[in-house]
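Readers should treat all values here as calculations from the given coordinates under stated rules, not as data from a laboratory. Note that the structure is a prediction, hence the values are computed from the model and not measured. A quick note on method: Cβ atoms are made from the backbone with ideal geometry, for glycine too, and the neighbour counts reach across all protein chains shown.
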Amino acid sequence: MNAKNSVNNVKCVVAILAGGFGTRLWPLSNPEVPKPFIRLGTIGTLYDEAIRRAFSISPEMVLTVASEKLLPFCKRENVQLLKEPCAKNTAPAVALAGIYAKERIGDDCVLIVLPADHSIPETDKFRERFLTLAKLSRDKNGFGLMGIKPTYPATGYGYIEVGEEAEKGFKVKSFREKPDYKTAETMLKSGNFLWNSGMFAFPVDVLLKEMDLLCPDYLEAAEKCVLENNEEPFKNLKPDSIDYAVMEKAKNVYVLRADFKWSDVGNFKSLYEILPKDEQGNAVIGNAKVENCSNSLIISDREEGIARELNSMVFVSLKEGSLCTPLDKSEGIKKAVEEILKRGAK
């Protein structure tokens, strides 16, 4: 066991899930170069940031789960790669990681699951909270997840209703899916809800038992894939998230409130917030000429691009496509992007 983790007496394996491409960041994020692997100016890539956080926990192993197409983007020193035969959402991907962790490390370890596309700049705080979450989940023989204190009535996140205190966290009382605005306002005012970050801690023995009970087809397909290199059962699975398939049905679930800065970089507004700004409040990536703009996000790979007289706008000009929209309205581009991608697929 790594000495840095011996104080908690918990072995950890970190699995980074690198699926999807981030529709709300199109055309910057696209099927050819998905969100985790985009170079965001001086910040670098979100995937590299995730790898640094993973190793900060001093785990027994860091593992990335990704499609065959994305695996070349994922290669990093000392990172194990596990091919996902096809995209089936997070529940089958977690099953793959759980089986792999059991075979390589043992089922007494805690599997920490992290998305590849979050921004968490405070690595030391992240490390402390996740070691605490891993110990909480192991001590309780239950599942742990990291909750984010809501800062506004978001309708794009799932919510966690907290119950009684449990050591340094809380027993989860209920899960609430993406609410309408009025419901989100009510949740925010109550103070009893956290955003679901999509970051988890699973004692592997408990995870495999629960999946065998709640979604045995996922577990069986993962075993065939990892142990026998037989991908066909996995390809026939119905997609489902770990939240729906397991977390919302499990009885012994705990949440820890994050004390670090967090963003899922889910749209251009959140991307703008994490990027460095110039004196006029502009975040600029690339080569566009910027004239009399303020508080805007400007992205271009074209030296002949011009962004002029923009205020609180998103301006993107890339070979994959172009976009211009108010920064506060950038969340709403998903439907239009999906239509463009469908036309391109024909």
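Only Lys, Arg, Asp and Glu carry charge here, each on its Cβ (+1 for the first two, -1 for the last two); on that basis the chain has a dipole of about 300 debye about its Cα centre. Taking a point 7 Å from the Cα of E228 along the Cα-to-Cβ direction, the residues of segment 84-122 with backbone N closer than 17 Å to it are 85, 96, 99-100. The ellipsoid equivalent to the alpha-carbon distribution of segment 245-344 has semi-axes of 33, 20, 11 angstrom, derived from the gyration tensor eigenvalues as √(5λ) and listed largest first. When peptides 157-169, 82-94 are ranked by their average number of other Cβ atoms within 10 Å per residue, the highest-first order is 82-94, 157-169. For the chain, adding -39500 (n - 2.57) for each run of n ≥ 4 DSSP H residues and dividing by the number of residues yields -9000 deg cm²/dmol at 222 nm. Compared with the dominant principal axis of the Cα atoms in the chain, helix 90-104 is inclined by about 50°. Stretching R39 away from R104 to a fully extended chain increases their span by 20.2 nm, per 0.36 nm per residue minus the current alpha-carbon distance. Efficiency by 1/(1 + (r/R0)^6): what FRET value for Q280 and D139, r their Cβ-Cβ distance, R0 = 45 Å, to the nearest 0.05? The computed FRET efficiency comes out at 0.30.
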